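Visitor: I'd like to ask you about the structure that follows.
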């Protein structure tokens, strides 16, 4: 591999792309009818109360129309429901259903298995360094 092929940006992009692909395959193999962005949204919604579309778009950095498409799929799959916001009836709160919580739990288990496979050949000290570097990158954001 030449120096150009080893750029940090390329390596990060390639590893994330591989990880998302592996997660999608594992989700499908285990009967989850979601992709990684939808799983990430469900995970976010399950961890916060009273989210509306604007909150999700701001938190994820994605445009509202992209978020709306994912939410439509999640609602059709009965993982979420939209309920009128008490303070502003024009807005809808995104709320998890029991089925949605089950999918998140199953997805987290699958995610842990995939991550364990990714790091299976890597020493614990190297994993800790990797996590430390990632946290520093996030902090510098």
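Visitor: What number goes with the only condition from (1) modelled with pLDDT under 95; (2) surrounded by 10 or more Cβ atoms within 10 Å (Cβ to Cβ) that residue 139 does not pass?
Guide: The single condition residue 139 does not satisfy is (2).
Visitor: Out of all the residues in the stretch 49-65, which are over 14 Å from the mean Cα position of the chain (by Cα) and on the phi < 0 side of the Ramachandran plot?
Guide: Passing the criteria: 49, 51, 52, 53, 54, 55, 58, 63, 64, 65.
Visitor: Spot the failing condition for residue 54; the list is (1) exposed (fewer than 13 other Cβ atoms within 10 Å of the Cβ); (2) within 19 Å of residue 108 (Cβ to Cβ); (3) in contact with a helix residue (DSSP H, G or I) (Cβ under 8 Å, 6 or more places away or on another chain), and only one is missed.
Guide: (2)
Visitor: Search the stretch 1-37 for residues being over 23 Å from residue 130 (Cβ atoms) and outside any helix (DSSP H, G or I), and hand back the single one that is modelled with the highest pLDDT.
Guide: Result: 30.
Visitor: Determine, yes or no, whether residue 119 is out of contact with any helix residue (DSSP H, G or I) (no Cβ under 9 Å at 6 or more places or on another chain) and modelled with pLDDT under 95.
Guide: no
Visitor: Still on this model: Would the stretch 2-20 turn up any residue that is in contact (Cβ under 8 Å) with a residue 60 or more places away in the chain and either surrounded by 11 or more Cβ atoms within 10 Å (Cβ to Cβ) or closer than 18 Å to residue 114 by Cα (or both)?
Guide: Yes - at least one qualifying residue is present in the stretch 2-20.
Visitor: Of the residues that make up the stretch 108-128, is at least one surrounded by 12 or more Cβ atoms within 10 Å (Cβ to Cβ) and outside any helix (DSSP H, G or I)?
Guide: yes
Visitor: Tally the residues that are part of a helix (DSSP H, G or I), surrounded by 14 or more Cβ atoms within 10 Å (Cβ to Cβ) and without any contact (Cβ under 8 Å) to a residue 60 or more places away in the chain, restricting the search to the stretch 69-107.
Guide: Going through the stretch 69-107 one residue at a time, the tally reaches 7.
The values are calculated or read from the model by the stated rules, or taken from the named source; none is laboratory data. Since the structure is predicted, the reported quantities are computational estimates derived from the model, not experimental observations. All Cβ positions, glycine included, derive from the backbone under ideal geometry; neighbour counts span all protein chains shown.
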